[in-house]
Amino acid sequence: MQIHTLDKAQLINEVQLGGQLNHAVEGGRRADFALMLAMLSPDHLETVPVDAPPPKGKTEAELRAYFELRDPQPLTTSEHCYENAAAQAKAFHESGLNGVRLLQELQPTALTFPPQDTKGLPEEVYHNLSGHERRMLPPKEEAKIKASPQDLYLSLIQAKRFSEMYQTA
């Protein structure tokens, strides 16, 4: 009976002691301080502070809709960015810098225009490669397999015939 009451009396965190631990240190009461430390749980899994996750806030899209903001400026190019950049160049030549600023705010262009058709390499590196080295680079996008069940069946028959020919020879 006494064991169970001692188990329930164990403290998990020093916060449960309140200011008593501090008063024991300030007052020089070593016995009280040692008793309070001994009552703390030795299990580290109990003493690890676990904070509750912060409440979920609104997403960026919800906040943009609430404040009626336009979409953010894209970081890299898309199909319409080249058209927007051409329109901005035309506006610069026709109406000056104010026209470009207006178009930039209405239809923002991308921050970067990475080189195209260089298979992910910087432009200087790609153009420095020989034609043979360029052909050896892996394709940027995976080629889809153009196979049908009939082609597979014919390929299996051919493979079987070749294996029969080479086994008998």
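The values are calculated or read from the model by the stated rules, or taken from the named source; none is laboratory data. The structure presented is a predicted model; accordingly, all values stated were derived computationally and were not measured. All Cβ positions, glycine included, derive from the backbone under ideal geometry; neighbour counts span all protein chains shown. Protein only, heavy atoms only, side chains kept; ligands, DNA and RNA dropped before computing areas. Shrake-Rupley method; radii C 1.70, N 1.55, O 1.52, S 1.80 Å.
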- Cβ-placed point charges (K, R +1; D, E -1), dipole of region 46-169 about Cα centre in debye, nearest 20: 500
- Area of residue 83 that stays accessible when all protein chains are in place (1.4 Å probe, Å², to 10): 130
- Task: Taking the Cα atoms of region 80-169, report the difference between the largest and smallest coordinate on each principal axis, in whole Å and largest first.
- Result: 83, 34, 18
- Length gain on complete extension for the stretch residue 22 to residue 95, per 0.36 nm per residue less the alpha carbon to alpha carbon distance? 18.8 nm
- Message: Students sometimes get this wrong: rank 29, 135, 161 by accessible area, probe 1.4 Å, all chains present, largest first.
- Response: 135, 161, 29
- Item | Heavy atoms of residue 33 accessible to a 1.4 Å probe, total area in Å² rounded to 10 | 70
- With x for Gly and Pro, the residue-by-residue ³J(HN,Hα) of region 88-99, computed from phi through the Karplus equation 6.51 cos²θ - 1.76 cosθ + 1.60 at θ = phi - 60° and given in whole Hz, is 5, 5, 5, 5, 5, 6, 8, 10, x, 5, 5, x
- Query: What residues qualify as long-range amide H neighbours of residue 40, i.e. H under 5 Å apart, gap of 5 or more or another chain, H built at 1.01 Å from N?
  - Reply: 11
- Task: Pop out the ³J(HN,Hα) list for region 147-156 in order, Karplus 6.51 cos²θ - 1.76 cosθ + 1.60 with θ = phi - 60°, rounded to Hz; leave Gly and Pro as x.
- Result: 10, 10, x, 5, 5, 5, 4, 5, 5, 5
